[in-house]
1. So what's the gap between the Cα centers of the range 41-60 and the range 202-270, to the nearest angstrom?
2. Can you bin the range 68-187 into rounded, prolate or oblate? Criterion: square roots of the alpha carbon gyration tensor eigenvalues sorted a ≥ b ≥ c, rounded for a/c under 1.5, prolate for a/b above b/c, oblate for the rest.
3. Name the most mobile residue of 17, 230, 30, meaning the one with the largest mean-square fluctuation, in a Gaussian network model of the chain with Cα contacts below 10 Å.
4. Which FRET efficiency, nearest 0.05, do residue 269 and residue 5 yield, Cβ-Cβ r, R0 30 Å?
5. Would you order 259, 196 from fewest to most other beta-carbon atoms within 10 Å of each residue's own beta-carbon?
6. Name the residue, out of 115, 218, 159, whose mean-square fluctuation peaks in a Gaussian network model built on the chain with Cα pairs under 10 Å.
7. How much length is gained if the chain between residue 224 and residue 76 is pulled fully straight, taking 0.36 nm per residue apart and subtracting their Cα-Cα distance, in nm to one decimal?
8. Using the count of nearby Cβ atoms within 10 Å as a rough guide to exposure, how do 269, 34 rank from fewest to most?
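Nothing in this text is a laboratory measurement; each read-out follows from the coordinates by a stated rule. Values in this document were obtained by computation on a predicted structure and should not be read as measured data. FYI the Cβ positions are ideal-geometry reconstructions off the backbone, even for glycines, and counts take in every protein chain you see.
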Ligand code: AMP
């Protein structure tokens, strides 16, 4: 695996691959890789000749009081995980490369997709995400790009952006990878104490409860479902709910009655760590 720090070098490499008619699959990440990230890489390997993974902790998607400075990093371990999967290129640019002095251009999805769920509690977050993903798409110019369903709203926003800006890139969404006990894998899980790690199981438990209420008990009123979920999460004292929402999969609008394809999504602080999780259901 070759590590590339310079965006121009990355661009030239991909240009050469494309001239040779090789397809390029791209997996953007912020590093501190786990099996969730690796499942995106594995999916990319099935479909493409050349795999590019990027690691970039993107400052513009973090709010002023968020965890940019403490975001976990371990380049050496990430490198060996990616080498084990025969990744071809790791694009690892510096912040000054991506946002040099005088930088002033941002990409913002202005449909209703970005002002709800995580967008409500993290203003500017998706603007940072769409800006960096556009930049990475322009540099790597992949045929296909892989994103985790763990960040369900991100997938919707990126799909909107790709459509609106006519990017010739296919977006592939990959299912959530969980620990054996149900906790959705996340780089931030490393920040949980042993007790918080146990308390964090209430997130997936509450989603499973919602699934049972809908499928087994035939309960369709979202208020009832959300209340039951809230009770489970609030049963641990380390939790502070940011949101629990049941929304239409297409436009992410809140719904009163579960019907068709819905996204049940939540964000919860466990101690100081903000975790997200979701399930998609068809009822
Ligand atoms: P991050 O490094 O957190 O920005 O994540 C990079 C990519 O990996 C995003 O597309 C995430 O949605 C995806 N991802 C993170 N955790 C998981 C997971 N547990 N299962 C599947 N994909 C994930």
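1. 31 Å
2. The shape class here is rounded.
3. Between 17, 230, 30, it is 17 that shows the largest mean-square fluctuation.
4. FRET efficiency, residue 269 to residue 5: 0.30.
5. Values: 259 11, 196 18.
Going from sparsest to densest Cβ surroundings: 259, 196.
6. 218
7. Stretched out fully, the residue 224 to residue 76 stretch lengthens by 48.6 nm.
8. On the way: 269 14, 34 17.
So the residues, fewest neighbours to most, are 269, 34.
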